[in-house]
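Taking it in order: structure first as structure tokens, then the write-up.
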Amino acid sequence: MAGVITNTIHHLSLKTFRLTSAGPTALILALTLFAVLMTATGVSAKSLPDQQSQETPASSSTAETEDYRLVINIPSRTLWVYKGDKIIRYFPVGVGKPGFMTPVGQYSVISKVIDPGWENPYLPKGKVRLAPGDDNPLGTRWIGFYRKGAGEYGMHGTDNPDSVGKFSSHGCVRLKVKDAEALFEMVDLGTPVVVQYEPVLIRRHDTCIQLIVFADRFKRGTPTAQQIKNRILKQYPQAHVTLTQIQAALVQPNEKPIEVGSIILPESHILQAEESEHTDGSGF
């Protein structure tokens with residue numbers, strides 16, 4: 001896990017502002033700070049590094065976000081944003097390195113934090129704690145999706161952008177800071193999150209059927225040529241593919257599209273297919 005998140009917002013208490021005989025200056029200062037905190041949407045934690053983690057209050061889903069779902073594929077180190085059945089955005093991500101594989105499963109967004117603090121979960125509590133800033137390993141946004149014990153797995157920015165697109169984390173999903181900020185605005189608490197392990201992706205480009213094969217980094221197994229053919233025909237019933245082409249593509253995972261067949265279109269659709277380039281939005 002990337003670490004224990006420390007919250008960015010303090011609660012007011014009598015201990016925070018104790019009005020004593022210090023005089024009117026203290027009263028004015030306290031009331032001013034109270035008004036700021038009550039009207040602000042969030043408070044930077046640079047000066048507040050010791051607070052406990054807190055989930056962002058649930059916001060009402062809007063028509064623009066309620067159909068969104070996130071799919072993270074470990075072998076391709078990719079995060080896709082779906083609206084309905086259509087990919088509308090994709091992001092390269094850093095995922096768990098060997099020994100710390102990002103957990104596969106179906107989850108949902110359970111927390112959102114702006115300017116999170118960070119605490120190293122592998123050291124005694126309080127040993128290494130960082131406030132928000134340029135050297136914070138969580139960047140400026142945290143989107144939690146799976147809680148385990150005292151820790152939490154999530155999607156977040158990073159102070160090490162070179163680690164994005166690699167097997168580089170302790171299980172969390174790293175994005176470039178600007179990408180994490182963009183994703184943060186696209187999701188609500190409850191947005192579905194699917195983490196999958198699929199080393200072979202099927203892609204359509206115009207009338208061509210392509211495979212993109214990734215290394216089986218965690219030795220979980222690669223589908224057979226027959227299984228892939230069955231998947232292609234289920235997705236594209238008019239496709240013509242051969243096992244020989246699929247087997248050739250599986251020999252050497254190179255993360256590049258390899259043509260393994262084509263879609264037989266009715267004659268009336270051929271001209272239309274030639275005039276418009278099809279894209280699946282996957283980023284490959």
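Read-outs throughout are calculated quantities, based only on the coordinates presented, and are distinct from any laboratory measurement. Quick caveat, the model's predicted, so the values are computed rather than measured. Cβ placement follows ideal geometry from the backbone for every residue including glycine, while neighbour counts extend to all protein chains displayed.
Descriptive notes on the structure:
- Whole-number Å³ per residue for the convex hull built on Cα positions in segment 200-275: 82
- Neighbourhood net charge (13 Å Cβ-Cβ; Lys/Arg +1, Asp/Glu -1) for V193: +1
- Order by protection proxy (mean Cβ within 10 Å, highest first), peptides 230-237, 170-177: 170-177, 230-237
- Spin-label model distance (nm) - V104 vs M186, 7 Å beyond Cα toward Cβ: 2.4
- Pairs with C-alpha atoms separated by more than 32 Å, drawn from the list K86/K178; K86/K112; K148/K256, are K148/K256.
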